[in-house]
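Asker: After the structure tokens below, expect a handful of questions from me.
Just so you know, all these numbers are worked out from the coordinates, no wet-lab data involved. Nothing here was measured: the structure is a model prediction, and the numbers come from that model. Here Cβ is always computed from backbone atoms with ideal geometry, including for glycine, and neighbour counts include all displayed protein chains.
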Amino acid sequence: MKSKSSKRIGIFGFGCVGQGLHDVLQDNPHLSVARICVRDKEKLRTLPSHSFTYNPQELLQDDSIDLFAELISDPKEALLIVRQALKAGKTIVSANKKMVSENLQELLALQQEFGGTLLYEAAVCGSIPILRTLEAYYGTEPLQEVSGILNGSSNYILSKLDSEGISYAEALAEAQALGFAEADPTLDVCGYDALHKISLIAAHAFGAVIKPEQVLRAGIQHIRKQDIALAQALGARIRLVASARLNKNNMLELQVLPTLVFPDSELYYVEAEFNGVQLQARYAGDQFLKGRGAGSHPTGSAVWADVSAALAGYKYSYPKFKYDADENLRPVPLEEEDVLKVYLRTTNPNLLPEVPWLELTTFGEDPHVGQLVGAIRRKDLLLYLPALKQTMAFIAQLPASVSAEQVVNASNIVLEEVA
Ligand SMILES: NC(=O)c1ccc[n+]([C@@H]2O[C@H](COP(=O)([O-])OP(=O)(O)OC[C@H]3O[C@@H](n4cnc5c(N)ncnc54)[C@H](OP(=O)(O)O)[C@@H]3O)[C@@H](O)[C@H]2O)c1
């Protein structure tokens, strides 16, 4: 690797994102790659062997390196790397949403104590510059809501179900074959990936550092053709929507839920592996960002943007954080009493009567399938969701404007079409 300038970067990981970063850096005359740390000595590489090291310390302890990019797939090792870099007061850019979101408080404290810098735009919606937008543009303006489609794999699957009428298993297999879903898709299809991303968004948009278990989360893994058909009969699409909303009591409503979206929503038009994020600001009104949420070059581009910003001295300011008199971060209260309207289908209806529904309409003809539209308090859904998931239930949020009667009518249309 020839030296192109005085600035040198050490890269951890040479997979999808690491290679993407390496490619886009070829367009940057001011940065040279020192070395790349990987794990597998046997793997065939597209670069000569002297480009690589298998020992992270060879990068971390090299004082000639100006900054690091952490792009590995192992969150535990990634945390060790980022921790060590920050303890040395260094600058490091990461794409690892799980690692950053689960350790944000510690990573913030390390930056404060040792003066290092951590940026992680690529971790949230790949190429969409959502964190920098929240920091730089909406740092002072109060935000009411940030929500969107933050996971490309599940959106790809849902789009296929919608447009081709194939089964969930077929759509997942196709997404895996095309590299849009991991061999183990749990993080994506069960909503964990979107949860990690909305947690990071909540920190920058609302000043909230939250624990994953505080967030209502359901995924798309139990979706069936009849759920898609029902949504279509209503004129809607099902999308996995993550949202953070500050309500009129200044409490945060946080969730990752399959949701019925209608043509009046920008999210209705987010197809395949794309991501879309909508913002609602008090004075600016509504805004919408759409782009590639994953992939080698789109994610590499976001890492490059962070690397350039970091070299220019940029740090996140977390403008919405509020502190008490002892300079402790003041938590943002989370709403638990609000009521959600949901559609639910389960092949084990026995549990349903135990759930404390505020309103309930059941429908369907099959005695082995429970289908309902219900209204339920967020805290009750948080409590019962783990048990409902064990019954293979598929749950989706309905807009308040959709009545139970409309859903029942749509279900009848689906039944007539099948018959
Ligand atoms: N793929 C995307 O589109 C995307 C988008 C946004 C964010 N991200 C995030 O970016 C990160 C990297 O994802 P990826 O898709 O590039 O993963 P990947 O294609 O599986 O590549 C992972 C890389 O990490 C290296 N690695 C794994 N464990 C390591 C360890 N203990 N020490 C050193 N190197 C190690 C692997 O080394 P070997 O080459 O030796 O196997 C490989 O080069 C993840 O945190 C992911 O969540 C990915």
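Asker: Which pairs break 21 Å Cα to Cα here: 7/90; 76/320; 7/315; 197/341; 248/379?
Answerer: 76/320; 197/341
Asker: Kindly put 24, 407, 100 in sequence by how many other C-beta atoms sit within 10 Å of each C-beta, fewest to most.
Answerer: Listed from fewest to most nearby Cβ atoms, that is 24, 407, 100.
Asker: Still on this structure: By the scheme Lys and Arg +1, Asp and Glu -1, what is the net charge of all other residues having a beta-carbon under 15 Å from that of residue 165?
Answerer: -2
Asker: Test of understanding: ordering 63, 380 by Cβ neighbours within 10 Å, fewest first, what list do you get?
Answerer: Result, fewest neighbours first: 63, 380.
Asker: May I ask you to compute the full-extension gain from residue 106 to residue 224, defined as 0.36 nm times their residue separation minus their alpha-carbon distance, rounded to one decimal in nm?
Answerer: Here the segment from residue 106 to residue 224 would lengthen by 38.4 nm.
Asker: Here is a follow-up. If I take every Cα pair under 8 Å that is 6 or more residues apart in the range 270-376, average their sequence separation and divide by the length, what percent do I get for the relative contact order?
Answerer: Answer for the range 270-376 is 17 percent.
Asker: In nm, give the distance between the simple-model label positions of residue 6 and residue 413, each being 7 Å from the Cα along the Cα-to-Cβ direction.
Answerer: Modelled inter-label distance: 6.7 nm.
Asker: Let me ask something additional. Stretched out fully, how many nm does the piece from residue 283 to residue 41 gain, at 0.36 nm a residue minus the Cα gap?
Answerer: This chain segment gains 81.7 nm when fully extended.
Asker: Spin-label point model (7 Å from Cα, Cβ direction): what's the residue 308 to residue 137 distance in nm?
Answerer: Label at residue 308, label at residue 137, 1.7 nm between them.
Asker: Turning to a different aspect of this structure: Give me the net charge for the shell around residue 309: Cβ to Cβ below 15 angstrom, other residues only, Lys and Arg +1, Asp and Glu -1.
Answerer: -1
Asker: Given springs between every Cα pair under 10 Å in a Gaussian network model of the chain, which of 172, 383, 257 has the largest fluctuation?
Answerer: 383
Asker: Something else about it: Just to confirm the number: angle between the C-alpha axis of helix 75-87 and the first principal axis of the chain, 0 to 90 degrees, nearest 10?
Answerer: Approximately 40 degrees, to the nearest ten.
Asker: Most exposed first by the Cβ proxy, i.e. fewest other Cβ within 10 Å, how do 37, 16, 190 rank?
Answerer: Ordered from fewest to most neighbouring Cβ atoms within 10 Å, 37, 16, 190 come out as 16, 190, 37.
Asker: Which value, in debye to the nearest 20, describes the size of the charge dipole of the chain about its Cα centre when Lys and Arg Cβ atoms bear +1, Asp and Glu Cβ atoms bear -1, and nothing else is charged?
Answerer: My answer is approximately 1060 debye.
Asker: Shifting gears a bit: Net charge within 13 Å of residue 378 by Cβ-Cβ distance, Lys/Arg positive one each and Asp/Glu negative one each, not counting residue 378 itself?
Answerer: Computed value for this residue: -1.
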